[in-house]
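The values are calculated or read from the model by the stated rules, or taken from the named source; none is laboratory data. Note that this is a predicted model, so its numbers are computed, not measured. When we count neighbours, we look across all protein chains shown, and the Cβ atoms used for this are built from the backbone with ideal geometry, even at glycine. Keep in mind that these areas ignore ligands, DNA and RNA; they rest on the heavy atoms of the full protein, side chains included. Shrake-Rupley method; radii C 1.70, N 1.55, O 1.52, S 1.80 Å.
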Amino acid sequence: MDAVFAVKFLGALFAIMNPFINLPVFLSLTSDNTVQQQRAMAAKILLYSTVMCVVITVAGTKIIGFFGVSIDAFRVAGGLVLLGIAFAMLNGKPIATHQGDRDGLDPDAIAFYPMTFPMIVGPGTIATLVIYSAQVHGSEQMLGFASVLAAVLLCVYVVLFFASAFGKLLSARMRVIVTRLMGMVLAAIAVEMVFAGTKVLLPGLG
């Protein structure tokens, strides 16, 4: 396994899919549900998120290629999207691109919208998956990519499965600290993405 590639991908993906950030939303949307119903919804979210991530990973580069967009241009655009999300996390503001309209939701549909999309698998997640999947070369990086994706999805599932317990343990202050920390990590990764893509698009700046 390519450890360097895996660590960078883990930092970016966990920061953007961070289940602890989405935990308060999940608890508010399922406040009238029993623990068993919450756990059933967590399983649905895992299924929907996994399917979306696999489809994006497999077809993402082909889709942007169809529109004539190079991976380096997408890397710059994706980096800017992630940078905007990181600034929102650092400033304690809602992440607009990862928010859904929660009014009048069908309880049976909540698992997909807004929890899976756009809360967990939103524009930032899509950009991260497309950019890093395009960098996969060889079996070691492929193994690292798959392992990180599986680990983050499992983490999302575990946190949502035990949402009622985590909700009692994780204070508002702890959520703020985690959000700020993940915002810094995401900002650093986003800057690196923008710089790497810009160097290719504008070689005279390198």
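Residues to consider are Val130, Val159; find the one that is part of a helix (DSSP H, G or I) and in contact with a Gly (Cβ under 8 Å, 6 or more places away or on another chain).
Among Val130, Val159, only Val130 is part of a helix (DSSP H, G or I) and in contact with a Gly (Cβ under 8 Å, 6 or more places away or on another chain).
Pick from segment 71-89 the residues that are within 16 Å of the chain's Cα centre (by Cα) and not aliphatic (A, V, I, L, M): which of them is surrounded by the fewest Cβ atoms within 10 Å (Cβ to Cβ)?
Only one residue fits best here, namely Phe87.
For segment 48-74, give me each residue that is within 23 Å of Met17 (Cβ to Cβ) and of a type in the set (A, V, I, L, M).
Matches in segment 48-74: Val51, Met52, Val54, Val55, Ile56, Val58, Ala59, Ile63, Ile64, Ile71.
Quick test of your reading of the structure: Ala43 fulfils all but one of (1) open to solvent by 30 Å² or more (accessible area, probe 1.4 Å); (2) at pLDDT below 85; (3) closer than 30 Å to Arg173 by Cα; (4) of a type in the set (A, V, I, L, M). Name the failing condition by number.
Status for Ala43: all satisfied but (2).
Output the residues belonging to segment 46-59 that are among the β-branched types (Val, Ile, Thr) and open to solvent by 30 Å² or more (accessible area, probe 1.4 Å).
Thr50, Val51, Val54, Val55, Thr57, Val58
Checking Met1 against (1) open to solvent by 20 Å² or more (accessible area, probe 1.4 Å); (2) under 30 Å from Ala109 (Cα atoms); (3) at pLDDT below 90; (4) in contact with a Ser or Thr (Cβ under 8 Å, 6 or more places away or on another chain), only one condition comes out false. Which one?
Tallying (1) open to solvent by 20 Å² or more (accessible area, probe 1.4 Å); (2) under 30 Å from Ala109 (Cα atoms); (3) at pLDDT below 90; (4) in contact with a Ser or Thr (Cβ under 8 Å, 6 or more places away or on another chain), Met1 fails exactly one: (2).
Could you tell me how many of the residues in segment 4-40 are in a helix (DSSP H, G or I) and loosely packed, with under 13 Cβ neighbours inside 10 Å?
5
Hey, can you tell me all the residues within segment 133-153 that are in a helix (DSSP H, G or I), open to solvent by 10 Å² or more (accessible area, probe 1.4 Å) and touching a residue at least 60 places away in the same chain (Cβ under 8 Å)?
Ser133, Glu140, Gln141, Leu143, Phe145, Ser147, Val148, Leu149, Ala151, Leu153
Those residues that are hydroxyl-bearing (Ser, Thr, Tyr) and surrounded by fewer than 19 Cβ atoms within 10 Å (Cβ to Cβ), I need them from segment 154-178; list them, please.
Ser164, Ser171, listed by residue number.
Looking at segment 95-124 only, could you name the residues that are buried (at least 22 other Cβ atoms within 10 Å of the Cβ), assigned to a helix (DSSP H, G or I) and at pLDDT 90 or above?
Result: Ala111, Thr116, Ile120.
Quick one: what pairs do we get from segment 165-188, first residue at positive phi, second among the acidic types (Asp, Glu) and open to solvent by less than 40 Å² (accessible area, probe 1.4 Å), C-beta under 6 Å, 6+ apart or different chains?
The qualifying pairs do not exist here.
Which pairs do you get when a residue that is in contact (Cβ under 8 Å) with a residue 40 or more places away in the chain and closer than 17 Å to His137 by Cβ, found in segment 58-72, comes within reach of a residue that is open to solvent by less than 50 Å² (accessible area, probe 1.4 Å) and not in a helix (DSSP H, G or I), reach meaning Cβ atoms under 9 angstrom, with the pair 6+ apart or on two chains?
Close Cβ pairs (under 9 Å, with a partner that is open to solvent by less than 50 Å² (accessible area, probe 1.4 Å) and not in a helix (DSSP H, G or I)) amount to Gly60/Ala134; Thr61/Ala134; Ile71/Ala134.
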